[in-house]
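The values are calculated or read from the model by the stated rules, or taken from the named source; none is laboratory data. Bear in mind the structure is a predicted one, so any value in this text is a computation, not a measurement. So basically every Cβ, Gly included, is an ideal-geometry build from the backbone, and we count neighbours across all protein chains shown. Side chains included, ligands, DNA and RNA excluded: accessible areas come from the protein's heavy atoms. Shrake-Rupley method; radii C 1.70, N 1.55, O 1.52, S 1.80 Å.
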Amino acid sequence: MSDSDPGEKPVSDTVASDIVETIPSALIILDRNLNITSANRAFYQTFRTSPAETEGCHIYDLGNRQWDIPALRTLLESVIPHRASVEGFEVEHDFPTIGRRTMLVNARKIFRPGNLDGSILLAIEDVSEERAARAESKSNWQLTKSIVDTIRDPLVVLENNMTIVTASKAFLTIFGITEAETRGRRVAELGQHQWDVPALRHLMEKVLPENKPIESFEIEDDFPGLGRRVFNLNARKISQPGNHAHRMLLVFEDITDRKQRERDALTLANEISHRIKNNLQLIIGLIAYETKWTAAPCVRGYKSMQARIGAIAQLYDLISQSSRGQAIAVDAYLREIAKTMAASLLGNAADIKIDVKAEALDLDPDLAVPFGLLVNELATNAIKHAFPGGTGRIVLSVERIGDQIELAVADDGIGMAEKDLTKIPEKRGADYVAIFVRQLGGTIAPARSEGVGTTVRIRLPFLLSPPEGTERVAA
């Protein structure tokens, strides 16, 4: 075993020195008199000093006495003598060389063999930027909270796990709940679980991960202290620049009064429609009475008039029966027109059947009258001309073809000569058909004789359908 060089450092000391030099925090070692015995590279870089200016100097005399800080004196002179270590001691101070900084100081007593007095190891971490960011975040949050509290609609801010971070004063006031009762709870747990709606939960779960906002989700329920209310819910993902955390803003709009006004208006419209329908039925009845005393050549004209008025009456009948909106269900409308025509034009003796084959499409009520009159005119012409024997079948159909709607009136009657197929509008109610097609912005396709009977097709713009979201009126 060879003798070691007395001036050579032990391997353990070398390793310890290397570890100290690689630590990013500033480290200094003080003796029992608070003189600096050593410091690492991070200390010299952070505080812009050198070993010559540091080692052997009293901690308070270092530099221009920038370490003579009351808080640090308390730590070194009062705390350390009675405790083996101190963690997270925060010092905020104006340092001449680096400006105002917030330092997090950890202190620990260390002992070496043969040294009973021990030394003090100080680890100093500059947390100024972190504290500034935290202060800015807190300030921004306070500003956000102030803005939130000035908004009249109730709203809450939710974390990723759907728990409430904060609730606006309007939310707390309207729902009679305290901030402590909301924080950390899920919306579905509040009150009597009125918000615990599966469809709402499903939508809320997509707001943050998929950035899918919630638009106008309606909930109607009985709320404690409020009674029966209708709320419109909207949600958005919110985030702060430079912060990877995302939260959800959920706004509750009380639309109870608005919904009641809409319902009252709908009830009034339905009542008016019902009265119009009754008046039209009265006119139909008067015409039917007149036909009993009218010369035979005029009877068919009166009955055609009955059918036209009946088509309009059925429209108002559909509207008066609705409790959901003003869009007209085309399939239901055609069935009602067929029923009216069968009663007014065909009577009980005729053996002509009118069937309906239509897709579930919606019709703008403003265009429903010319549409119904067009159907009535084409079907009336088929009844007049296609079945001299008084037996047959008419099919009223509507389907969507691309960006258009096709209305077809087909019969299995005697058909038409080839030379007359292109003139079918002129032969069958030319004036009325042309007027109604023009009002609807449509075109008349050439008629086709498909083996037996005749089919007339009208192409109409898909704009006949009202804007999406309008409720349908069905029979």
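Quick look at the values:
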| quantity | calculated |
| --- | --- |
| Answer residue from region 191-237, given it is touching an Asp or Glu at 6+ places or on another chain (Cβ under 8 Å) and modelled with pLDDT of 85 or more and is farthest from V251 (Cα to Cα) among those | R228 |
| Of residues in region 249-264 being open to solvent by less than 60 Å² (accessible area, probe 1.4 Å) and assigned to a helix (DSSP H, G or I), the one nearest to Q194 (Cα to Cα) | T256 |
| Checklist (1) at pLDDT below 85; (2) of a type in the set (V, I, T); (3) over 20 Å from V207 (Cβ atoms) applied to V127, failing item | (1) |
| Pairs where the first residue, in region 171-184, is outside any helix (DSSP H, G or I) and the second is not hydroxyl-bearing (S, T, Y), C-beta under 6 Å, 6+ apart | G176/G225; R183/I164 |
| Test: residue in region 141-150 that is open to solvent by less than 60 Å² (accessible area, probe 1.4 Å), under 24 Å from the mean Cα position of the chain (by Cα) and charged (D, E, K, R) | yes |
| Restricting region 45-73 to residues that are at pLDDT 80 or above and polar (S, T, N, Q), the residue that is nearest to the chain's Cα centre (by Cα) | T46 |
| Pairs where the first residue, in region 20-41, is assigned to a loop (DSSP other than H, G, I, E, B) and hydrophobic (A, V, I, L, M, F, W, C) and the second is surrounded by 17 or more Cβ atoms within 10 Å (Cβ to Cβ) and at pLDDT 85 or above, C-beta under 7 Å, 6+ apart | I23/N40; I23/A42; L34/I59 |
| Unique match (being in contact (Cβ under 8 Å) with a residue 12 or more places away in the chain, farther than 19 Å from Q45 by Cβ, assigned to a loop (DSSP other than H, G, I, E, B) and open to solvent by 30 Å² or more (accessible area, probe 1.4 Å)) among G88, G56 | G56 |
| Filter pass, L280 being open to solvent by 60 Å² or more (accessible area, probe 1.4 Å) and aliphatic (A, V, I, L, M) | no |
| Checking H202 against (1) open to solvent by 60 Å² or more (accessible area, probe 1.4 Å); (2) touching a residue at least 24 places away in the same chain (Cβ under 8 Å), the condition it does not meet | (2) |
| Residues (open to solvent by 40 Å² or more (accessible area, probe 1.4 Å) and either touching a strand residue (DSSP E or B) at 6+ places or on another chain (Cβ under 7 Å) or of a type in the set (A, V, I, L, M, F, W, C) (or both)) located in region 291-307 | W293, A295, A296, C298, M305 |
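Matching residues to (1) under 30 Å from D68 (Cβ atoms); (2) in contact with a Leu (Cβ under 8 Å, 6 or more places away or on another chain); (3) open to solvent by 20 Å² or more (accessible area, probe 1.4 Å); (4) assigned to a helix (DSSP H, G or I):
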{"site": "D94", "(1), (2), (3), (4)": "yes, no, yes, no"}
{"site": "R101", "(1), (2), (3), (4)": "yes, no, yes, no"}
{"site": "R108", "(1), (2), (3), (4)": "yes, yes, yes, no"}
{"site": "L121", "(1), (2), (3), (4)": "yes, yes, yes, no"}
{"site": "A135", "(1), (2), (3), (4)": "yes, no, yes, yes"}
{"site": "R152", "(1), (2), (3), (4)": "no, no, yes, no"}
{"site": "I164", "(1), (2), (3), (4)": "no, yes, no, no"}
